[in-house]
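The values are calculated or read from the model by the stated rules, or taken from the named source; none is laboratory data. From a predicted model like this one, the values you see are computed outputs, not experimental measurements. Virtual Cβ from ideal backbone geometry, glycine too; neighbours counted across all protein chains shown. In case anyone asks, the SASA skips ligands and DNA or RNA and just uses the protein heavy atoms, side chains included. Shrake-Rupley method; radii C 1.70, N 1.55, O 1.52, S 1.80 Å.
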Amino acid sequence: MKRCWIVGAVVAAVLVATGPLAAGNGNGRNKRTESTEPTHSVARQWNEVLLDSIRIDIPKPTVHSRNLFHVSVAMWDAWAAYDDFARPYLHQERATATDLSKARDEAISYAAYTVLKSRFSASPGAAVSLPAFDARMVALGYDPDFVDLG
């Protein structure tokens, strides 16, 4: 799947520049179903989950400003990979899809999810935040255990 390597490259670029990536494990298949929250964009939904996680973490303005920036960069580059004119921030590769909206939503979701899981894995609120990230993936119709090894 072309979009999966785009997500991997975007997330790798963000995390290589900012810190270690927590290794995922899982071999589930990627599944897409209809979203249960069609009123907000997928980026907005991930930003809300991020803000909820920041609220239950230790107040660290510098760290959280970086978290906001890095999640935004990952989502932007995932979106921009499917646009011929957008200027990506870290990742320069392009992708194509027959359904751009679905491909972008998937790429944005996996990019945000991966960065968030890495960033909040050692957070004092991890017991709440990490399941919330998984729940958002499921609510969007994606498999949080999916790992693309190709």
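Computed with a 1.4 Å probe over protein heavy atoms only, the accessible surface of region 33-117 comes to 55 Å² per residue. Just add up the charged neighbours of Phe133: K/R +1, D/E -1, any other residue whose Cβ is under 11 Å from the Cβ of Phe133. Charge balance in the 11 Å sphere: +1. Could you work out the local net charge near Pro88, counting Lys and Arg as +1, Asp and Glu as -1, over the other residues with Cβ closer than 14 Å to its Cβ? Computed value for this residue: -1. Start at zero, step by 5 Å, and the Cα-Cα distances of region 39-107 spread as 3, 16, 23, 20, 17, 12, 6, 3, 0 percent across the bins.
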